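The values are calculated or read from the model by the stated rules, or taken from the named source; none is laboratory data. As the structure is a computational prediction, the values presented were derived from the model and not from experiment. Don't worry about glycine lacking a Cβ; one is built from the backbone with ideal geometry, like all the others, and counts go over all protein chains shown.
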Amino acid sequence: MPQQFLAQGEQLQVPAIDFAAVLPILIVFGAASIGVLLEAFLPKHQRWSSQIALSLTGIVGAGIALAAYISDAPEGGITTFMAQGATTGAIAVDTPALFLWGTLLALGLASLLMIGDRSLEPGGAFISQAGLQSGGLQTREQANVTGMQTEIFPLTLFALGGMMTFVAANDLLTMFIALEVLSLPLYLMAGLARRRRLLSQEAAVKYFLLGAFASAFFLYGVALLYGYAGSVKLAEIAAATAGSSASDTLLYAGIGLVVVGLLFKGSVGPFHTWTPDVYQGAPTPVTGFMAACTKVAAFGGMLRVLTVAFEPASWEWEVPLWLIAVISMAIGAIFGLTQRDLKRMIAYSSIAHAGFLVVGAMTLTEDGLSSTLFYLLAYGFTTIAVFGVISLVRDANGEATDLSSWAGLAKRSPLVAGVFTFLLLALAGIPLTSGFIGKFAVFSAALADGNAALVVIALVASAVAAFFYLRVVVLMYFSEPAAEGPAVTVPGAFTTAAITLGTAATLVLGIVPAFALNWASAGGFVP
Amino acid sequence: MTSFSQAAVVLAQQGGEDVVGTGEAIAFWVLGPLALAGGLGMIFVRNAVHSALWLVVSMLSFGVLYIVQSAPFLGFTQIIVYTGAVMMLFLFVLMMAGRDSADSMVEVLRGQRLLAALFGIGFATLLVGALARSLVNVQAQVPPDPYDPARGGGAGGLGRLVFTDFLFAFELTAALLIVAALAGIVLAYRDRREGPKRSQRDLVEARFRGEYKRRSPQPGPGVFATGNSVATPALLPDGSIAPESLSELIESTNTARLIAEQDRVLGSQAEHDDSRALLAGEDEQGSEQEGERK
């Protein structure tokens, strides 16, 4: 029998690959792989500088490749990695994908600058040897050793590449593997903080365990959807929804499980429990990366899945998602009020923002898509700058994230307090910031789609959430500084660049948002 | 081989009818309960190694079930990769972590176990019920021919898919593997080198260069003393206690006894002239004997 098979002499047709379209992803993964080699062959003292140079070159190079492709991208987008005789390929390169790639690369650049910073803390925010047991004498010595685990740079690039693949994946299998590629480095990076090792390791374990559960849910959903449609390709699932003889139970259970996996990654609503602990325990640059880029990737993937694969079944999932959006906004706004730790507070704020994003993601109109994309861009930049500022205020034990130590900060450092106030106003959605434009676009799209009740709830939640942002502002400006309060560290070039990038983007997108909105609405998903 | 493909042809001709043969039914009813028992055993057994072995039972049953369902490649992969490689790695890790380490059975959150059981059983019931309902009217597919990639079976069909439809996903797993290896290295690697090791000669030279507090070795305990306990301090030629010979640890733990012993060594308590009586008073005798017994 095997001889028979060989005798057929059948040639496999290599799938058609448009290398120009996927070049940004390939560059990011290539740079990550070279980074691993550098780690293996360079002496320790050369690693940091060469890793920084390589990673920045990789991201900027990917950005240039992306810009070159966009300048003459085919109208309406393409799918590539298309097998002989198939109708769609594994990777879709369309306007939303290109927009999200641009967003991810810009946010990844800012995060990388923060991750590479060594001015705030001698040696950087990461431990130099993660293998040591925490709590021991060696670990305490490690806190003073200058030098960091430079594997963090290739890991960041792998995560970034995974995110870029995730938002462009056109079948659920590619999407699942991309999900793992983006998650695994993050699980590890959360546990590499130089200070407060136990908190950091707890965050990593928690993120890993809950993330593994979410991946299992996603995979189970993929299996059920395969049972329903006989394919994991998004387009074929949509086609099967129109007319498949299989039971709809498989479809609904599959949609439910897949969406739960995605909601977990986006830290939405009742699937948020990991968020505060992980945001607090992870090193602040990683928290910034996670908060901005993971959210972009998760919602980018969710937009594609809901629009391309599940749109014909939208009647079935609209009500549950409606409820989830409300729950997420309520949890974020109410629990955010009670937080005493700034990083936890921003974590709950991100849960509330995830609720707003679900409002946009479930609005399957052109405006819904473009406004959600814009919201992701705006929120990402603001969040990275927020975590950049948080990393500046330090005392002898590292970052002083307790709310009380921020009292009267404006008297110590008016500039930092001013920037932070502006960023908090952007998170609250006050006009002249990108947050306002984002919320306005998302809510008006939802209103136009006939979701008035949800928009009213979202407005109430925004108002409640604005209270806890303003509380920090009041604390900074109208309280007396504590006698032994924290000092505001003068950041080095890298963190300054990251905060400046985030703040400038928040301002520019708030005043002249038209260019980004136009780009976001230039086209929809390729079917 | 031939009979296998003949059977496939026969099954293919039957098409959409009920195609579960007697052999397949017997295999299912033998292996299904075994797989279920393996799963339950894995959950309910306390010992981690036994738990892993129960999982092996479950996985082997699945492997055989796959083969019965004319997916021999999947079945053997299941047995070789999961049961053979992954589970053995699992067992290695368990052995390294200590096979006696059992989970703590203390409930940290009150009522958590009850709620977890409730929701878990609820979810399972929902899922099993829904699947059972939805899979009643399944149209039987033509079984894939393991030797004909064109008809989607076996390793050939899988290979074709890997290099056509899922080429990108396949290559993406390379990134996944690199990340996993890198993460393992980061978490497990410890740099134990603390510079080159110094020889005895280097140490002597360093002592005389003044890198250490004293050039000679530390005074040993009990010099010129009647006892040789570490707790007995060394005496200098003039009869005073050498301060370096006092152990910090002992100093901090048993001060009362040490002082008594020092007094005795210095001869300030002449009434205890028995050299073996290391006791300051009658009331401490009991504790001293206890100490000796230890």
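Within region A:479-491, residues that are of a type in the set (Ser, Thr, Tyr) have Cβ atoms under 7 Å from residues that are part of a loop (DSSP other than H, G, I, E, B) in these pairs: A:Ser479/A:Ala407; A:Ser479/A:Gly408; A:Thr489/A:Leu120; A:Thr489/A:Leu392, counting only partners at least 6 apart in sequence or on another chain. Taking A:Leu184 as the residue in question, decide whether it is out of contact with any strand residue (DSSP E or B) (no Cβ under 6 Å at 6 or more places or on another chain), farther than 24 Å from A:Phe310 by Cα and in a helix (DSSP H, G or I). Yes; evaluated as a whole, the condition is true for this residue. If the condition is being farther than 13 Å from A:Val389 by Cβ and either polar (S, T, N, Q) or outside any helix (DSSP H, G or I) (or both), then region A:406-429 contributes A:Ala407, A:Gly408, A:Gly429. Counting only helices (runs of 4 or more DSSP H) that fall entirely inside region A:281-360 and contain at least 1 residues that are under 15 Å from the mean Cα position of the chain (by Cα) and crowded, with 24+ Cβ neighbours inside 10 Å, the qualifying elements are A:284-289, A:295-304.
Each row is one residue, and each column tells you yes or no for (1) modelled with pLDDT of 65 or more; (2) under 43 Å from the mean Cα position of the chain (by Cα).
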{"site": "B:Arg214", "(1), (2)": "yes, no"}
{"site": "B:Pro221", "(1), (2)": "no, no"}
{"site": "B:Thr226", "(1), (2)": "no, no"}
{"site": "B:Leu236", "(1), (2)": "yes, no"}
{"site": "B:Ser240", "(1), (2)": "yes, no"}
{"site": "B:Leu249", "(1), (2)": "yes, yes"}
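Yes or no, residue by residue, for (1) facing chain A (nearest Cβ under 7 Å); (2) touching a Lys or Arg at 6+ places or on another chain (Cβ under 8 Å); (3) at pLDDT below 80:
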| position | (1), (2), (3) |
| --- | --- |
| B:Arg133 | yes, no, no |
| B:Asn137 | no, no, yes |
| B:Val142 | no, yes, yes |
| B:Leu158 | no, no, no |
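Checked against the criterion of being under 19 Å from the mean Cα position of the chain (by Cα), within 14 Å of chain B (Cβ to nearest Cβ) and closer than 30 Å to B:Gly159 by Cβ, region A:97-120 contains one or more residues that satisfy it.
Selection within region A:457-509: residues that are of a type in the set (Phe, Trp, Tyr) and within 19 Å of A:Ala291 (Cβ to Cβ). The member of this set that is farthest from the chain's Cα centre (by Cα) is A:Phe468. Scanning region A:202-214 for residues that are surrounded by 18 or more Cβ atoms within 10 Å (Cβ to Cβ) and either within 11 Å of chain B (Cβ to nearest Cβ) or without any contact (Cβ under 8 Å) to a residue 60 or more places away in the chain (or both) yields A:Ala204, A:Phe208, A:Ala214. Looking only at region A:49-83, residues that are part of a helix (DSSP H, G or I), among the polar types (S, T, N, Q) and farther than 25 Å from A:Met148 by Cβ come to 1 in all. Residues in region A:235-250 that are within 13 Å of another protein chain (Cβ to nearest Cβ) and at pLDDT 90 or above: A:Ala235, A:Glu236. Could you tell me whether any residue of region A:266-273 is at pLDDT 90 or above, crowded, with 21+ Cβ neighbours inside 10 Å and part of a helix (DSSP H, G or I)? Checked against the condition, which is being at pLDDT 90 or above, crowded, with 21+ Cβ neighbours inside 10 Å and part of a helix (DSSP H, G or I), region A:266-273 yields at least one hit. The residues of region B:165-175 that are within 7 Å of another protein chain (Cβ to nearest Cβ), farther than 18 Å from A:Ile152 by Cβ and in a helix (DSSP H, G or I), listed by number, are B:Leu167, B:Phe168, B:Ala169, B:Leu172, B:Thr173.
Determine, yes or no, whether B:Arg201 is at pLDDT below 85 and charged (D, E, K, R). Criteria not met by B:Arg201. Looking only at residues of region B:1-47 that are within 17 Å of B:Leu65 (Cβ to Cβ) and outside any helix (DSSP H, G or I), we find that the one that is modelled with the lowest pLDDT is B:Val19. Restricting the first residue to region A:43-65 and requiring it to be within 23 Å of A:Gly123 (Cα to Cα), which pairs with a second residue that is among the basic types (Lys, Arg) meet a Cβ separation below 9 Å and a spacing of at least six or different chains? Pairs found: A:Trp48/A:Arg118. Only a single item in (1) within 25 Å of B:Ala117 (Cβ to Cβ); (2) at pLDDT 85 or above; (3) not charged (D, E, K, R) is not met by B:Leu74, and it is number (1). For A:Leu306, the stated conditions hold: it is over 30 Å from A:Asp117 (Cα atoms) and away from chain B (no Cβ under 14 Å). Residue pairs whose Cβ atoms lie under 6 Å apart, separated by 6 or more positions or on different chains, with the first residue in region A:280-308 and within 26 Å of A:Glu202 (Cβ to Cβ) and touching a residue at least 40 places away in the same chain (Cβ under 8 Å) and the second of a type in the set (Asp, Glu) and assigned to a helix (DSSP H, G or I), are A:Gly281/A:Glu202. The test for being outside any helix (DSSP H, G or I), out of contact with any strand residue (DSSP E or B) (no Cβ under 9 Å at 6 or more places or on another chain) and surrounded by fewer than 21 Cβ atoms within 10 Å (Cβ to Cβ) does not hold for A:Ser231. So, in region A:176-194, of the ones that are more than 9 Å from chain B (Cβ to nearest Cβ) and of a type outside the set (S, T, N, Q), which residue ends up surrounded by the fewest Cβ atoms within 10 Å (Cβ to Cβ)? Filtering first and then ranking leaves A:Arg194.
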